[in-house]
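The values are calculated or read from the model by the stated rules, or taken from the named source; none is laboratory data. Treat the numbers as computed from the prediction; the structure is a model and nothing was measured. Neighbour counts are summed over all protein chains in view; Cβ atoms, including those assigned to glycine, are modelled from backbone coordinates with ideal geometry.
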Amino acid sequence: MALSKCRGRFRPASAGGPRDYHLPSTASIRPLPRMPKVLLLTAGYGEGHNAAARGLHAALTERGADAQIIDLFALAGGAFYERSRRDYLALINRAPRVWAAVFTLIHHLPVVPLFLPFLGKMRRALAALLAEQQPAAVVSVYPLYAYLIRQLYPDPAARPFAFHTVVTDSITINSVWHRAPSDTFLLPNDATAEVLVRAGVPREKLRTLGFPVPPRFARDRPARPAPPPPRVLYMINAGPDQAPGIVARLLAIPGLHLTVAYGRDEALRARLTAAAAGRPLELHGWTPHMPELLMTHHLLIGKAGGATVQESIAAGTPMLITQVVPGQEEGNARLLFENGCGALCPTADALATQIEDLFAHDAAGWHQWQSQIARLAKPDAALRIADFILSGEGGGNGEWRVMGG
């Protein structure tokens, strides 16, 4: 990590950003404000964490901050990180009951501190990063970072930056999120806030600002034509082996416009095309236009991941859920079910029946669901969170430093 020497002391040198230059002592210049520096700490154990970090990065950058996304697990973990990440994703998808037991164990017992001695390399990397970057605020979207911060700064009053935790799931919140201190916990909804209050987190530490979906959800929203035809977006984020059968069954619904996002799996694309058997089917591989696809369709089909559910809510698009990972995803699904804007449909026939019911009688069922999901939506959440962080309201001892100060 490079450091630049400035006026007799060391300051971090950030590539592409403003620097202090060594000037003669007789030089007289007016200091220029430096952009507030915010570090966003994430990890690749589930897409929701990275999605939250990207949404916040876009909002903070738009607000004029120098924001950086850091995955210390990737930087310090090496081959172990990649292996553990693959094992975690395989576990939740192939052995959900085993994962449910692990989730419950972690929730009820303080097991995380037992693993901290094995994270010495990551702790040292975090300490070096903080010393180099000197951020005014650090935002964690993955719970383990709070434990490392506590090790580095046992006394929060001695910490020279504000520390915020963005909770990326709803309602079924594992205690690992709040067993370590944070200046604030930034939450997606009121139901999740009540869960943390019952767990003993002081209410004054909580801010219900929403999940940080991309700011694009808050403006320039494309028009969504009223049904008919019903426009259904199927996001294959779980169960690819079942996808061709689901496509074939849904295309049997008269008048349905079906769009499928299949990611980067070109072999799956070929199987989907074969399942369509010549019937109209809109296919998308990896695309940066997922917000626009969500906002122009009437229903989303997919897994109950934190980011997927929250982007569906931000788009005002009700959701049919095909899979729920026990533990963290149960609350995401409950959020939709309890607010009357989603349903669990684990089979192709269940999906087809629910779609036909929603769009019967001039789509009366869908209109009801759509009005109810709109009450949950916070499409500008990332901008709200960015404004809160940059306001300094959340506590901590960081300050917005200025160059030459």
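Couple of notes before you dig in:
- The lone criterion from (1) out of contact with any Ser or Thr (no Cβ under 8 Å at 6 or more places or on another chain); (2) outside any strand (DSSP E or B) left unmet by Val260 is number (2).
- For the range 217-234, filtering for residues that are part of a strand (DSSP E or B) and out of contact with any helix residue (DSSP H, G or I) (no Cβ under 6 Å at 6 or more places or on another chain) leaves 3.
- On inspection, Ala252 passes the criterion of being of a type in the set (A, V, I, L, M), surrounded by fewer than 18 Cβ atoms within 10 Å (Cβ to Cβ) and part of a loop (DSSP other than H, G, I, E, B).
- Filtered by the rule that a residue be over 14 Å from Ala53 (Cα atoms) and not hydroxyl-bearing (Ser, Thr, Tyr), the range 385-395 gives Asp387, Phe388, Leu390, Gly392, Glu393, Gly394, Gly395.
- Residues satisfying the stated conditions in the range 319-330, i.e. surrounded by fewer than 24 Cβ atoms within 10 Å (Cβ to Cβ) and either closer than 18 Å to Leu258 by Cα or in contact with a Gly (Cβ under 9 Å, 6 or more places away or on another chain) (or both): Leu320, Gln323, Val325
- With a requirement of 2 or more residues that are of a type in the set (D, E, K, R), modelled with pLDDT of 90 or more and over 21 Å from the mean Cα position of the chain (by Cα), the helices (runs of 4 or more DSSP H) lying completely within the range 71-139 that satisfy it span 120-133.
- Options Ala76, Ala53, Ala67: the member that is small (Gly, Ala, Ser) and either surrounded by fewer than 20 Cβ atoms within 10 Å (Cβ to Cβ) or over 22 Å from Leu126 (Cα atoms) (or both): Ala76
- Residues satisfying the stated conditions in the range 173-203, i.e. within 19 Å of the chain's Cα centre (by Cα), among the β-branched types (Val, Ile, Thr) and part of a loop (DSSP other than H, G, I, E, B): Ile173
- Test: residue in the range 300-320 that is assigned to a strand (DSSP E or B), modelled with pLDDT of 95 or more, under 26 Å from the mean Cα position of the chain (by Cα) and of a type in the set (S, T, N, Q): no
- Scanning the range 184-208 for residues that are more than 20 Å from Gly55 (Cβ to Cβ), buried (at least 16 other Cβ atoms within 10 Å of the Cβ) and not hydrophobic (A, V, I, L, M, F, W, C) gives a single hit, Lys205.
- Residue in the range 289-298 that is in a helix (DSSP H, G or I), β-branched (Val, Ile, Thr) and at pLDDT 95 or above present: no
- Checking Arg123 against (1) free of Cβ contacts under 8 Å to residues at least 40 places away in the same chain; (2) over 21 Å from His49 (Cβ atoms), the condition it does not meet: (2)
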